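Notes to accompany the following structure.
The values are calculated or read from the model by the stated rules, or taken from the named source; none is laboratory data. All of these numbers come straight from a predicted model, not from anything done at the bench. As a convention, Cβ positions derive from the backbone with ideal geometry for all residues, glycine included, and neighbour counts pool all protein chains shown.
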Amino acid sequence: MIRVIAALVLCVAGLTAAAPQDVNTRIEAYIQAEMKRLNIPGLSLAVVKAGRPFLIKGYGLANIEHGVPVKPETVFQSGSLGKQFTGAAVMLLVEDGQVVLDEKVSKYLEPVPSAWAGITVRHLLTHTSGAGGYPKGFDFRRDYTEDELLKRILEEPLLFQPGEKFAYSNLGYVTLGILIGKVTGKFYGDFLGERIFRPLGMTTARIISEADIVPNRAAGYRLVQGELKNQDWVSPTLNTTADGSLYLTALDMIKWDAALNSPGLFKVSSLDEMWRPVTLKSGGTHPYGFGWMLSRRNDRKIIEHGGAWQGFMSHIARYVDDDLTVIVFVNRGGVPAGVIANGVAAILDPDLAPLSVPDTAPAVTSAHRKLLEDLIAGTTIDKSQFTPQVATDVLPKIEQSRVQVKALGAIDSVEVVERMTKGGTTVHRYRVRFRLATASYVVAIDAAGKIAGLSLNPE
């Protein structure tokens, strides 16, 4: 496999030059326009088609202060894109017989509180454990030992009973990294290097370190009142957790994509497991695997995930039925890297462009838009229109993220993507185009007319 991957990388320059000129020109124009519109300092793009690199290119600056351009070797931070490597590490331990997916985590982490007694490894991988995100007031500038961090995680109340629902949980993946360490006796980052990065020739993939000399490392930036500033800083230990603390390049990700396309590093059964939608206690499913979001567009299968951390955004989108992969790294926080990846894919194949459907209930759309605008503005909301669970669990999280959402700019449009009624609940799925980003907005109305589900996620 390493020889095959090396051959792929060696032929990058020739394949890039051989790509159809009109496609290259359109991609170039699209990337340059998005970088200007979103004030992106630097961007790294990789496109893999039919298992071969089609286009790898850097745009803009990796470091503004020193005028360093982005190139394929430029090192970016992964953010939550790194969760797929944590999931993969767990699956290698499953293959080794050291971890069982449906085993209680108490076997590997004991002792745990009674609330955690029903949580399995699978629950943590699929964000169905009931664990949440970092709590309000969490000190990101303090160094924690793994035992201190695990103690803090276990002290947080669960949002729901394990397996009942899906709720994205960074703490769940931090816990998985600690679990990997306890099972193997090795720091989870060392395990990744030993079992994934080095076997695949991912020579620059590694855990983040601000202290080490890292050649070709990009600087991360954030936008503050229209002006670029350097990234916020966190403690060294919080830059090593398994919820997404990796250094990666476009070249690393091409090798990773190749490994996912053929048996070798993983058994086919392991790949199938990683990309299977999680089944909830109700018997329903949620489109998330082990560190991968699962979706369809025009009945075409997409396996993808993004990340955001310290002035960086990332995204990998694998359009499985089209044998196409698009990888995007940018060094400015708050930028919709997934939208850019989808935009590049749509240039290569117009059938991959997101579609809208005719709006047969414009008054409903208008009401849902008004709700979103009020939530972002901090306007007092009538909580009687929500179910108790949404009012108690969801609204506080939206309030906590209000500042970040507001930074996306004004809402330009709200387009209907889907309306579906099942079991008395009607799900309204919209695409919201902010001035600086595009997001998926979902409102679920139950049989009593109450808002039973509410979410806003970048596309």
Could you go through region 215-229 and let me know if any residue there is modelled with pLDDT of 95 or more, under 26 Å from His123 (Cβ atoms) and surrounded by fewer than 20 Cβ atoms within 10 Å (Cβ to Cβ). no
For a quick check of your reading of the model, give me the residue pairs whose first member lies in region 333-359 and is free of Cβ contacts under 8 Å to residues at least 24 places away in the same chain and assigned to a helix (DSSP H, G or I), whose second is surrounded by 21 or more Cβ atoms within 10 Å (Cβ to Cβ) and not hydroxyl-bearing (Ser, Thr, Tyr), with beta-carbon atoms closer than 9 Å and at least 6 apart or on different chains. Ala346/Leu352
Any pair with Cβ under 7 angstrom, 6 or more apart, that starts in region 319-331 at a residue that is within 30 Å of Leu228 (Cβ to Cβ) and ends at one that is charged (D, E, K, R): Thr325/Asp257; Thr325/Arg318
Meets criteria (loosely packed, with under 12 Cβ neighbours inside 10 Å, in contact with a Ser or Thr (Cβ under 8 Å, 6 or more places away or on another chain) and among the small types (Gly, Ala, Ser)) for Ala447: yes
Looking only at residues in region 347-376 that are surrounded by fewer than 13 Cβ atoms within 10 Å (Cβ to Cβ), among the hydrophobic types (A, V, I, L, M, F, W, C) and at pLDDT below 90, which one is farthest from Ala439 (Cα to Cα)? Val357
Give the residue that is farthest from Gly220 (Cα to Cα), with candidates limited to residues of region 311-332 that are in a strand (DSSP E or B) and of a type in the set (Gly, Ala, Ser). Ala317
Close pairs (8 angstrom Cβ cut-off, 6 or more residues apart or separate chains): touching a residue at least 60 places away in the same chain (Cβ under 8 Å) and closer than 16 Å to Ala88 by Cβ in region 286-297, in a strand (DSSP E or B) and acidic (Asp, Glu) anywhere: Trp292/Glu304
So, of the residues in region 396-434 that are part of a helix (DSSP H, G or I) and either of a type in the set (Lys, Arg) or in contact (Cβ under 8 Å) with a residue 40 or more places away in the chain (or both), which turns out to be farthest from Gly226 (Cα to Cα)? Lys397
Filtered residues of region 50-65 (kept if closer than 22 Å to Asn239 by Cβ and surrounded by fewer than 21 Cβ atoms within 10 Å (Cβ to Cβ)): Asn63, Ile64, Glu65
Of all residues in region 273-310 being part of a loop (DSSP other than H, G, I, E, B), modelled with pLDDT under 95 and among the small types (Gly, Ala, Ser), which is surrounded by the fewest Cβ atoms within 10 Å (Cβ to Cβ)? Gly283
Where a residue in region 222-237 is farther than 26 Å from Asp212 by Cα and its partner, wherever it lies, is modelled with pLDDT of 90 or more, with Cβ under 7 Å and at least six apart: Leu223/Asn39; Leu223/Arg332
Return the total of residues in region 298-318 being without any contact (Cβ under 8 Å) to a residue 24 or more places away in the chain and hydroxyl-bearing (Ser, Thr, Tyr). 0
Report yes if Val416 is of a type outside the set (Lys, Arg) and within 30 Å of Asn298 (Cα to Cα), otherwise no. yes
Of (1) touching a strand residue (DSSP E or B) at 6+ places or on another chain (Cβ under 9 Å); (2) of a type outside the set (S, T, N, Q); (3) modelled with pLDDT of 95 or more, Tyr168 satisfies every one except (3)
For region 51-103, how many residues are in a strand (DSSP E or B), out of contact with any strand residue (DSSP E or B) (no Cβ under 7 Å at 6 or more places or on another chain) and either farther than 23 Å from Ala258 by Cβ or hydrophobic (A, V, I, L, M, F, W, C) (or both)? 1
Taking Asp393 as meeting all but one of (1) within 27 Å of Ser80 (Cα to Cα); (2) over 24 Å from the mean Cα position of the chain (by Cα); (3) acidic (Asp, Glu), write down the number of the exception. (2)
Output the residue which, of all residues in region 234-249 that are among the hydrophobic types (A, V, I, L, M, F, W, C) and under 16 Å from the mean Cα position of the chain (by Cα), is nearest to Gly133 (Cα to Cα). Ala242
